[in-house]
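The values are calculated or read from the model by the stated rules, or taken from the named source; none is laboratory data. Note that the coordinates shown come from a computational prediction; the quantities given were computed from them, not determined experimentally. Reconstructed Cβ throughout: ideal geometry from the backbone, glycine too, with neighbour counts over all protein chains shown. Note: areas computed on protein heavy atoms with side chains; ligands, DNA, RNA excluded. Shrake-Rupley method; radii C 1.70, N 1.55, O 1.52, S 1.80 Å.
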Amino acid sequence: MPTAQSETAENQALSVIGRPIPRVDGPLKVSGTATYTSDHNFPGMLYAVPVPSTIAKGTIAALDTSAAEKMPGVRAVFHRENIGRFFRVPPNDDFSIVIDENRPPFEDDTIRYYGQYVALTVADTLEQAQAAADAVKVTYDEETPDVRTKLTQEQEPKVGSQRGDATAAFNTAPIKVDQTYVTPAETHNPIELHATVAVWDGTRFTLYETTQSIKNHQLAVSAMLGVPPENVRIVSRFLGSGFGGKLWPWTHDVLTAAAARALNRPVKLVVDRKMMFQTVGHRPLTQQRIRLGATTNGKLVSTQHDSLNHSSILDDYDEGCAEATPHLYRCPNLRVTSGVVHLNVGTPTSMRGPGAVPGLFALESAMDELAVKLNIDPVELRLRNDTEIDEALNLPFTSRHLKECLTVGAEKFDWHQRTPAVGSMKKDGLIVGWGMAAATWIANRLDCEATIELKADGSVRVACGTQDIGTGTYTMLAQMVGEALGIDPDKIQVVLGDSALPTGPLSGGSMATASLVPAVLEAAKKASEKVQFAATAAGPFSGQSVANLIFSNGRIHRKDQSPSDGVPYEQVLQAAKVSSVSGSGSSKGDFTDALGITKPKLSSHSFGTQFVEVTWQPEIARLRVSRTLTVIDGGRIINPRTGRNQIEGAVVMGVGMALFEHTIYDDQHHGAPINSNLADYVVSTHADAPAMDVVFLDYPDTHLNAFGARGIGEIGLAGVAPAIASAVYHATGVRVRELPIRIEDLLG
Amino acid sequence: MQTFEFTRPSDVTSAATAAASAKTAQQGAEIRFIAGGTTLIDLMKLNVEQPHMLIDLNRLPLGDVETLPEGGLKIGAMVRNSDLAHHPAVLRYYPVLSQALLSGASAQLRNKATTSGNLLQRTRCMYFRDTTMPCNKREPGSGCGAINGANRMMAILGTSEHCIATNPSDMNVALTALEATIHIQNAQDTRSVPINEFYLLPGHTPQRETVLEPGDLITHVTLPAPAAGAKSLYLKLRDRASYEFALASAAVIVTVENNRINYARVALGGVGTKPWRSQEAEQALAGVTPSEDRFRAAAEAALQGARPQSQNGFKIELTKRCLTHALKLATQTA
């Protein structure tokens, strides 16, 4: 009989939400036994290599595959005339099937971006397929591509959120900021390259994919192949991250599937690093004019945010730069607009924090400029403009603690020590600059189904057709199920990454974690009820009323008993001679609110602040980010260890966004993204990672789900770049409005 | 990537003999020596180099670092960059070389890369490495993609209208300041070439980068004995903190006696089409009392002939600051 004390300790130990447990998939990953997409190999498998166009605009005049076809090991060279038919994904406005690059591969002979696939070689080995791809001779009628970096409006801008009369209020405002900010095209560079391994059994496809959304992938790829969805199974067990680049299918997916079908052999295609810069999306160039009007004591009276971003010739990818602008601050007059400029570039796509991340660089940089103009502390300026309600929707927030993010951050960073004059702070012989910015990101859920199976051998299996892109979904699920059933997460087997499983959410928009909670709780409840029912059939509770029994801490007991006096569920199942019981849960999401498809009842967002210290050595023009503090109001944190990892990773990415990352489209050389490798496309290294501190306010947002959990994959990147730009101004006196901030901007 | 023959000779003479029948030892050589492979394998995958034969040097007895009886150091061609950087004699007498080596590449690459391989490291010019782009170095007469293209990283010293590609090595900059001698053996004889004569300016023939001829095998590099009381250091400036080629770098060696500089050697990296010895800077420093103004004057002298491109004009000022600061640090510790 346990003592009361140990009983309490046991109960606490069983509370697994909020516990910093190590990743449950960690041992697989560090031992090299996690099976990533390109690790899949099958007997008789062939290798496919695409032939990319070497122009960005024009038409294919001739395609000569004769030499390639005769090369050793070559099984086929596919192109428009022999690949068979692909279809387009049905246009829709309900988020039911999503794809960013709408044109299927090989649809016509027109080239619209550099690297567009024009042929596909398939051979016995990768080297043979690559050699054959190099031997395909393509001649083009080339036209001058448009890859300009100064955007001009093509058509009337689309008005997003609007309230009051922003123009009139701006004109009469005593204090004004009117500036244009630019963020460059950035390319997703997850370590894991995009890949497809396609297996065709004569009727059905099994596609091993690098995808952040197995369900959408199944729907989109089957639509493009013209086969029923049930004939396409998508498997994606582990991802070497995606950053949004793997949300939707790209042209290599259906090419690989079609090649496998045509040759009746498994086919593997890995998109190489250079092609990653061409054919699988990027964050588009944005150009954003911000106009802020304020009173002399720093109250915003007008906000205008007019943004343009580039897109590809055939697709209208709108980055949505003003995503955060309407609800971040109190401001009676506001107008945001967007426009798309079609260039000869590949189709852009979501990159971590699409819209808000480049948008907040502009808005928060303008707020910093306003603070300087007003001679008001930038933290104080944000506090003065905090809002209790979402003025865009005229709705209360589910849970908003931006004010606390500001005050906690300022205190922890020692912000009161900051002297506002440019270059006025020094440390160890270096000039120090301190900057900050606020951040926000959506907090929504997607539709979700999950099944939990309780087994007589004492194990638990939870299955959901979502995927873990490296953020920790396996671990989150183990913790959620552990919490719901009172069972140690070690005993819980999490099964993800297969479209044959109950439909789960995509891993995007920081929505996977929150989406899982209601379905998991319902499934757990139903599964445990089945154990209660089984208990009435045999064993110590035989013949008792189900209503008298309860399932807690993994045990069945009478309501008047403590759990420790009950019977472990596996014993109940064994007594009932049952192998396992299972329960399923499902929940509807609310992301359609954020898309404007449905009407929200509350405004649901995460918030945060970034505080940054840079060091500046003018004598050698060396700028480094030395210290950051991130405060996150992101709901209840399920796992502070993986949570902190998300935020720190985002901050390191933000250092790259602020100082390094920039895809260069060479207008003198066929519009090629010319720095298409990891030496010339500069990302942060470990040595660039500052000393990072992360604070989670940990207020549960119970409007979103019972655990109060939101997603935190993106909020950590929002605000980093403007905070760095603010710190750079404080250190150097140079206001950089076009990212990345480079040495030449600061040389003076 | 095409198929090639792979041989692994056991002595230097047979290695040199095996390479002698090549038409050139320069860009496009049909026979290539392979040491660490950190440049060559990359370029073969990119189809920039397509040798028919690779001669593997990894079994040759060229892996030692020896202190020479008259002072100075003999560094075998196959000494790995990481071994050289951590060698006690290098750390003690030639810190500029250790610092330069450790500022380059990554630990993994330095473990593979060799002394002779690093001497022959190829440019990182994006147009050189992409066979669909024009490049006079890779394909003479096709034009220079970088001149009217992305040239931020490109050279500002020693350029020609045909090529502005930067020599990317850090080690070579230190070796140039150290006045290293490169020892070459071919089937017939041996010869030695001062490092400053080893590299060629691009001129009209950017495809020719060194004085090497077919069958020439670098066996070792020698360094003269260090000047008494010399202080040396390597300062590298780049966008990020690690694992990136230099925007500008400086290797400096100075001795100061009676508050006057009586010996100065200066080489610049990241800015020249070859590792850039600046005798102009050395002359400006000779005999002067160390001061920030004098260092800046030396830097002005070093950059006098600089010819910037559309995107890399900032390198002139950056290099001046780099050299000025390097001299300041070297004389502070002197």
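Measuring between their Cα centroids, segment A:629-691 and segment A:256-331 lie 15 Å from each other. Name the aspartates and glutamates eligible as straight-distance cross-link partners of A:LYS427: C-alpha to C-alpha under 13 Å, and not fewer than 8 places from it in the same chain. A:LYS427 reaches A:GLU613.
The lysine pair count for segment B:231-333, using Cα distances under 17 Å and pairs eight or more places apart or on different chains, is 7. Under 5 Å from the amide H of A:GLN668 lies no amide H of any residue 5 or more positions distant or on a separate chain, with H modelled from the backbone and absent for Pro and chain starts.
Once the Kirkwood radius over Cα pairs is known for segment B:1-154, the Stokes-Einstein relation at 37 °C and 0.692 mPa s delivers a diffusion coefficient of 191 µm²/s.
With the gyration tensor restricted to C-alpha atoms of the protein assembly as shown, the semi-axes of the equivalent ellipsoid amount to 53, 37, 31 Å, longest first.
Listed by chain and number, the lysines placed with their C-alpha closer than 22 angstrom to that of A:LYS530 are A:LYS455, A:LYS491, A:LYS559, A:LYS577; residues fewer than eight positions away on the same chain are left out. Over the protein assembly as shown, DSSP H runs of length four or greater, each weighted -39,500 (n - 2.57), average out per residue to a 222 nm ellipticity of -7500 deg cm²/dmol.
With both residues required to sit in chain B, DSSP beta bridges show an antiparallel share near 85%.
Once the Cβ-Cβ distance of A:ARG88 and A:ARG461 is raised to the sixth power relative to R0 = 45 Å, the FRET efficiency obtained is 0.70.
Measuring nothing but how far apart in sequence close Cα pairs (under 8 Å, 6+ apart) lie, relative to its length, segment B:231-333 scores a relative contact order of 28 percent.
For segment A:510-642, the alpha carbon convex hull comes to 212 Å³ per residue, rounded to a whole number.
Within the accessible area of segment B:1-118, the carbon and sulfur atoms contribute 53%, probe 1.4 Å, all protein chains present. For peptide A:685-694, the mean count of partner chain Cβ atoms within 10 Å of a residue's Cβ comes to 2. In 10 Å bins starting at zero, report the fraction of Cα pairs in segment A:573-673 per bin as a rounded %. Per 10 Å bin, starting at zero, the Cα-Cα P(r) for segment A:573-673 comes out as 10, 20, 22, 22, 15, 6, 3, 1 percent. Using heavy atoms of the protein chains and a probe of 1.4 Å, the accessible area assigned to A:SER587 is about 20 Å².
When you count the other C-beta atoms within 10 angstrom of each residue and take the mean per peptide, B:2-15, A:435-448, A:609-622 line up highest first as A:435-448, A:609-622, B:2-15.
Across segment A:387-536, Cα-Cα distances exceeding 21 Å account for 61% of all pairs.
Taking N as the residue count of segment A:348-473, its C-alpha radius of gyration divided by 2.2 N^0.38 Å amounts to 1.57.
In terms of accessible area, using a 1.4 Å probe and ignoring ligands and nucleic acids, B:HIS87, A:HIS188 rank largest first as B:HIS87, A:HIS188.
Near A:THR149, no amide H atom lies under 5 Å from its own; only residues 5 or more places off or on other chains count, and H is placed 1.01 Å from N.
A:ILE376 sits with roughly 20 Å² accessible to a 1.4 Å probe, with DNA, RNA and ligands left out of the calculation. Computed from phi, the 3J(HN,Hα) profile of segment A:128-141 under the Karplus parametrisation 6.51, -1.76, 1.60 (θ = phi - 60°) reads 5, 5, 5, 4, 5, 4, 5, 8, 6, 9, 10, 10, 10, 9 Hz, with x in place of Gly and Pro.
Figure note: A:LYS403, A:LYS426, A:LYS455, B:LYS274 ranked by solvent-accessible area, largest first, 1.4 Å probe, ligands and nucleic acids not counted: A:LYS426, A:LYS403, A:LYS455, B:LYS274. What the Kirkwood sum gives for segment A:301-346 is a hydrodynamic radius of 11.7 Å, with every pair of different alpha carbons counted. Shown here for segment A:63-101: chymotrypsin sites (Phe, Trp or Tyr not before Pro) in loop regions (DSSP other than H, G, I, E, B) with at most 16 other Cβ atoms within 10 Å, namely A:PHE87, A:PHE95. Relative contact order, percent, of segment B:53-143 when contacts are C-alpha pairs under 8 Å separated by at least 6 residues? Result for segment B:53-143 is 20 percent.
Take the accessible area of A alone and of B alone, subtract that of the pair with a 1.4 Å probe, and the total buried over both chains is about 2700 Å². If you look at the Cα atoms of segment A:677-734, you get an Rg and a Dmax of 16.8, 48 Å. Counting only Cα atoms, segment B:231-333 measures 43, 28, 22 Å along its principal axes, largest extent leading.
Note on surface exposure: A:ASP64, A:ASP633 rank A:ASP64, A:ASP633 by accessible area, highest first, 1.4 Å probe. Considering all different alpha carbon pairs of segment A:279-364, the Kirkwood hydrodynamic radius works out to 13.5 Å.
Counting only lysines at least 8 places from A:LYS70 when in the same chain, those with an alpha carbon closer than 18 Å to its own are A:LYS137.
Packing-based ranking of A:542-549, B:250-257, B:179-186 yields B:250-257, B:179-186, A:542-549, ordered from highest to lowest mean Cβ neighbour count within 10 Å. Per residue of A:622-630, other chain Cβ atoms within 10 Å of the residue Cβ number 1 on average.
Note: relative contact order over chain A, using C-alpha pairs below 8 Å and six or more positions apart, is 16 percent. When each full DSSP H helix of chain B is screened for a Cα extent of at least 18 Å along its own axis and an average Kyte-Doolittle hydropathy of at least -0.5, the helices passing are B:314-333. Taking the Cα atoms of segment A:208-349, the ratio Rg/Rh between the radius of gyration and the Kirkwood radius comes to 1.14. Considering only Cα atoms, the convex hull volume of chain B works out to 123 Å³ per residue. Sparsely packed loop sites in segment A:536-581 (the trypsin sites (Lys or Arg not before Pro) outside DSSP H, G, I, E and B with at most 11 other Cβ atoms within 10 Å) comprise A:LYS559, A:LYS577. When the alpha carbon coordinates of segment A:270-326 are projected onto the principal axes, the ranges are 57, 22, 15 Å, largest first.
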